[in-house]
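Have a look at this one before I ask anything.
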Amino acid sequence: MSQASVTAPSWVIVGTGAVGSILGARLIQQGQSVHFVLRSPAESQPMQLIVTGHTEFSAPIKTHTAHSLQLIPPQAVWVFAVKAWQLEDALSAHGPALQQAQHIIISHNGLGAAEAMLQQLNPTQLIDWVTTHGGWRHSPQHTEHSGLGQSWLGFRHSSPRPTAPTWWPLFANALPPAEWHTNIALRRWHKLAINCAINPLAALANAPNGELQAPQYQGQLQAVCEEVAAVMAAELNLPVSASELLAQVQQVIQATAKNINSMLQDLRAQRPTEIDYLNGFVHKKGRQHKVPTPVNTMLWKEITQV
Ligand code: PAF
């Protein structure tokens, strides 16, 4: 489908988190209409968004708060690229407006966030975005796009609409490489394995991800992957190779060797971490399926106590 033949929606990005800011900047650069929804009127003063690194952007943006949502056109595509623990509040703050949304794109590390609330939405609206882009914020206005990654998007409930929405080429052109996926659950579990292995271990070591190349971490990395594979197999009812998960983990450790991962960034900034949606989620699902998860459970508890 050529870009000219696509009806462009309005894009609504909730917050100015790193991933949302990168996408918003890229969409604006492609001439798209992007609205940022911020928490308080104080935040939404005429705002200049700056993105540096792999995206170079500096321009005023359109901002709204809960009070001016009526100015956002219906049939917009909403993007919630927030921390897993922020998702429930972010969704409930915009409940009525979301009923008019064309699609709602969700992106966070881990699984299991705001599940009850998401079940109340029309299942054909809900899209998951798995991404390996790296970013961090100098300030709410200024994001550093530190790692050029890729994206996979797909409907959370693959039927009845397995094909990509008409706006898909606009997203894919703005932030390539991006792939439409008809079974996004698989991608989400693979990313879960990566985050369960890397984030808590590097966070406890208080070191960049590359530290995990040292021999003393190999046993725990392997154990995390074996447990995630067993829980994933039980949950999705299909065979899962722990060694493939481990190979992906090793590849991401190498590719992001210099990164301070998001969990360590959260701990250093004294913010809540996403551990309940990572190793805590594996622990919870393991109990449901009677699959033992001792290493994930230990890492969940250790990070909770930091
Ligand atoms: O959470 C993160 O920091 C990232 O998902 C990853 C891939 C582990 C790189 O640091």
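The values are calculated or read from the model by the stated rules, or taken from the named source; none is laboratory data. Predicted model, so just to flag it, every value in this text is computed and none were measured. Cβ: placed from backbone, ideal geometry, glycine included. Neighbour counts: every protein chain shown. The protein model used for the area step is the full one, side chains on, heavy atoms only, and it has no ligands, DNA or RNA in it. Shrake-Rupley method; radii C 1.70, N 1.55, O 1.52, S 1.80 Å.
Starting at the first residue of the range 263-268, write each ³J(HN,Hα) from the Karplus equation 6.51 cos²θ - 1.76 cosθ + 1.60 with θ = phi - 60°, in whole Hz, x for Gly and Pro.
My calculation for the range 263-268 gives 5, 5, 4, 4, 4, 5 Hz in order.
Also: Can you give the Kirkwood hydrodynamic radius of the range 187-305 from its Cα pairs, in Å with one decimal?
Values: mean 1/r = 0.0714 Å⁻¹.
Radius from the Kirkwood sum: 14.0 Å.
Can I ask one more? Which pairs break 26 Å Cα to Cα here: K258/K284; K191/K285; K62/K258; K62/K191? Write out the running numbers ahead of the final one.
On the way: K258/K284 31 Å; K191/K285 16 Å; K62/K258 34 Å; K62/K191 32 Å.
Exceeds cut-off: K258/K284; K62/K258; K62/K191.
Counting C-alpha atoms alone, how compact is the range 11-65: give Rg to one decimal and Dmax as a whole number, in angstrom.
10.3, 30
To continue, here is another question. Quick one: check the C-alpha center-to-center distance for the range 242-297 versus the range 79-96, whole angstrom.
The two parts, judged by their Cα centres, are 22 Å apart.
Another question, if that's okay. Counting only protein heavy atoms and using a 1.4 Å probe, what share of the accessible area of the range 187-305 belongs to carbon plus sulfur, as a whole percent?
51
Show me the trypsin sites (Lys or Arg not before Pro) within the range 200-306 that DSSP assigns to loop and that have at most 11 other Cβ atoms within 10 Å of their Cβ.
Numbers: sites: K258, R268, K284, K285, R287, K290, K301; in loops: K258, K290.
Taking the range 200-306 and a limit of 11 other Cβ atoms within 10 Å, the loop trypsin sites (Lys or Arg not before Pro) found are K258, K290.
Given a Förster distance of 45 angstrom, what is the FRET efficiency for Q251 paired with Q99, based on the Cβ-Cβ distance and rounded to 0.05?
On the way: r = 41 Å, r/R0 = 0.91.
The formula returns an efficiency of 0.65 here.
Quick one: in the range 6-182, what % of C-alpha pairs are over 27 Å apart? List each step's numbers first, then the result.
On the way: 2862 of 15576 pairs.
Value for the range 6-182 (Cα pairs over 27 Å): 18 percent.
Let me ask something else. Determine, from the Cβ-Cβ distance of Q75 and S241 and an R0 of 41 Å, the FRET efficiency 1/(1 + (r/R0)^6), rounded to the nearest 0.05. Working shown, then result.
On the way: r = 41 Å, r/R0 = 1.01.
Efficiency at R0 = 41 Å is approximately 0.50.
For the chain, what is the accessible area per residue in Å², given a 1.4 Å probe and the full set of protein chains?
On the way: 13740 Å² over 306 residues.
Computed with neighbouring chains in place, this is 45 Å² per residue.
Calculate the radius of gyration of the Cα atoms of the range 55-140 to one decimal place, then report Dmax, the largest Cα-Cα distance, as a whole number, both in Å.
Cα radius of gyration and Dmax of the range 55-140 are 13.9, 38 Å respectively.
Just round it to a whole percent: the fraction of Cα-Cα distances in the range 144-226 exceeding 23 Å. Write out the running numbers ahead of the final one.
Values: 1444 of 3403 pairs.
When every Cα pair of the range 144-226 is considered, 42 percent fall beyond 23 Å.
A further question follows. How many percent of the alpha carbon pairs in the range 97-173 exceed a separation of 17 Å? Walk me through the numbers on the way to the answer.
Values: 1626 of 2926 pairs.
The answer is 56 percent, as a whole percent.
Find the eigenvalues of the gyration tensor of the Cα atoms of the chain, then list the square roots of 5 times those eigenvalues as equivalent ellipsoid semi-axes, largest first, in whole angstrom. Please report the intermediate quantities before stating the final value.
Values: eigenvalues 200, 95, 67 Å².
So the three semi-axes of the chain are 32, 22, 18 Å.
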